[in-house]
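Just below is one structure, and these are the notes that go with it.
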């Protein structure tokens, strides 16, 4: 059970996360309007790139990191795991100060380097220092979660760690491993370079280090969504989890195989040999397995719940589910977007097809469908599930909660469908406008107009989400909820194997895989001259 201090800690993190989300949504709408070129008065490349960079950082780093930390602290406390609260608050303030420092150059146009901040684009030193502090704050959370899990196991020898705590611990371990790449890049390359301590850096090394982080971070975002699918959705549907063993196996596979990949982001870059790209490409397909396991397990859980509610026939159980429950509705919508976005991911992981869509509008279409669609929709659902317990207040108008989820899904469909089509038609990404004068470019106008409509729907949905939380927090009636319940497995496991109840062995496996995947690709920059580089890529 969470006491008032834990609830305040969780709420502080969640409000920072969703405040950043609200600002990012406003910037996102501006971008689709400006990029379309339909309103010439808004055309401003400088403002556009500043907006894209701020939007990406707020969504990909601030929203996710603060949400995951707040949800993680709540999950640990609610599953009987204790942690140092002073350290937790210290981590929060370090991350918050880092966010503010990074925001200053972003908002003044001095850090328009997109959320990947690839060199040779250079940002103000405050941006890199702020980003570093945000990561350091998240490391505090990681250490506290790992220690909390260890303390729980010591206090409960031989017992199965609660599934939500097991998954949260896995996510902390995954982030500790995956954030090393970007930390090395920022601390040893970008900060000295931006401060003028060195004249140049090796762009190839920087991109390689960032690729260490760039794809595993997706699973850092995704694991909390999977926790919701396994731990909240079956209960909200009125059923039980189909298999806890499959759920644990899925989380282990994500942590182990989600880390040693990333070079499919470098398919078109020359600094890595084709053999390494092939190896990482195969690994990208392997990590699709835990997602398939998750889809199977969650759908099986929903089917059992639907049939228990009287659903008949092959698909009758679908209509019998309680779609008026936000968690159930969010699960259905997010799984649909995961199906479509996952197909796009397989396209991106294939070298030949990636070559066709790599630097086109297809990529942001895919990314938004997975991240803003699947992940963020389940973040909404988690917030709606936790809010009555965290605030002690109920939502004033439950119909607005359902309306917000439906509108977000609709807006995402309207926005990303034209994006994918434009990508196949060759529209480039990472540009503020398309100046070419040809019949092909002229045909893009209708799709751009549709994207504006989708962006407007998403903006209104985002504002409705923030309104729902704020009105419940400060004006809602007493909810009477103090704790949060989790789904029970259909067949409680008698004894969980050690490999599915901890990560000690898996850390050694990860070490070997990371050494095999990134050892030589990084070492080559120190073993030979690449673009006049010297040690540490200077």
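What follows is calculated from the coordinates using simple rules that are stated; it is not laboratory data. These numbers come from a predicted model, not from an experiment. Glycine gets a Cβ as well: all are built from the backbone with ideal geometry, and neighbour counts include every protein chain shown.
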R0 = 25 Å: FRET efficiency of residue 433 with residue 406, Cβ-based, nearest 0.05? 0.15
Mean Cβ-within-10 Å packing, highest first, puts peptides 185-194, 330-339 in the order 330-339, 185-194
Kirkwood hydrodynamic radius of the stretch 328-456, from inverse mean 1/r over distinct Cα pairs, in Å: 16.1
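Sequence gap at least 6, Cα distance under 8 Å: using those rules, report the relative contact order of the chain to the nearest whole percent.
Numbers: 833 pairs, mean separation 95.8, N = 538.
In percent, rounded to a whole number, it is 18.
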Could you work out [θ]222 nm for the chain from helices alone, using -39500 (n - 2.57) per DSSP H run of at least four and dividing by all its residues? Round to the nearest 500 deg cm²/dmol. -23000 deg cm²/dmol
Would any residue of the stretch 426-450 have its amide N under 13 Å from a label point 7 Å out along Cα→Cβ of residue 356? List them or say none. 426
Residues listed by number, the stretch 220-236, amide nitrogen under 20 Å from residue 309 label point at 7 Å toward C-beta: 228-236
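Given a Förster radius of 45 Å and the C-beta distance between residue 323 and residue 278 as r, what FRET efficiency does 1/(1 + (r/R0)^6) yield to the nearest 0.05?
Working: r = 44 Å, r/R0 = 0.97.
Here the calculated transfer efficiency is 0.55.
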For the pair residue 299 and residue 485, the simple spin-label estimate (label points 7 Å beyond Cα toward Cβ) gives in nm 2.8
Cα convex hull volume per residue for the stretch 387-510, in Å³, equals 235
Mean-position separation - Cα centroids, the stretch 187-246 and the stretch 33-76, in angstrom: 17
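Multiply the residue separation of residue 523 and residue 477 by 0.36 nm, subtract the distance between their alpha-carbon atoms, and state the gained length in nm to one decimal.
On the way: separation 46, 0.36 × 46 = 16.56 nm, distance 5.99 nm.
Fully extending the segment from residue 523 to residue 477 adds 10.6 nm.
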How many angstrom separate the Cα center of the stretch 446-482 from the Cα center of the stretch 332-397? 16
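Arrange the peptides 519-525, 404-410 so that the one whose residues have, on average, the most other Cβ atoms within 10 Å appears first. Present the calculation step by step, with values, prior to reporting the outcome.
Details: 519-525: 16.1, 404-410: 19.7.
Taking the mean over residues of other Cβ atoms within 10 Å, the ranking is 404-410, 519-525.
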Each label point is 7 Å from the Cα along the Cα-to-Cβ direction; what then is the distance between the points at residue 121 and residue 441, in nm? 2.1
Given the stretch 11-107 reduced to its alpha-carbon atoms as identical point scatterers, what log10 I(q)/I(0) does the Debye formula return at q = 0.13 Å⁻¹? -0.54
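Expected output is a single nm value to one decimal: the length gained when fully extending between residue 4 and residue 449, i.e. 0.36 nm times separation in residues minus the C-alpha distance. What is it?
So the chain would gain 155.4 nm between residue 4 and residue 449.
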Rank the residues 268, 528, 412, 514 as a footprinting-exposure proxy: fewest other Cβ atoms within 10 Å of their Cβ go first. 528, 268, 514, 412
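For the stretch 286-354, what Kirkwood radius comes out of the mean inverse Cα-Cα distance, in Å?
Values: mean 1/r = 0.0741 Å⁻¹.
Answer for the stretch 286-354: a Kirkwood hydrodynamic radius of 13.5 Å.
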For residue 466 and residue 107, what is the calculated FRET efficiency with R₀ set at 22 Å and r taken between the beta-carbons, to the nearest 0.05? 0.65
Segment residue 84-residue 286, length gained on full extension (0.36 nm per residue, minus Cα span): 69.0 nm
In whole Å, largest first, what are the principal axis extents of the Cα atoms in the chain? 62, 51, 45
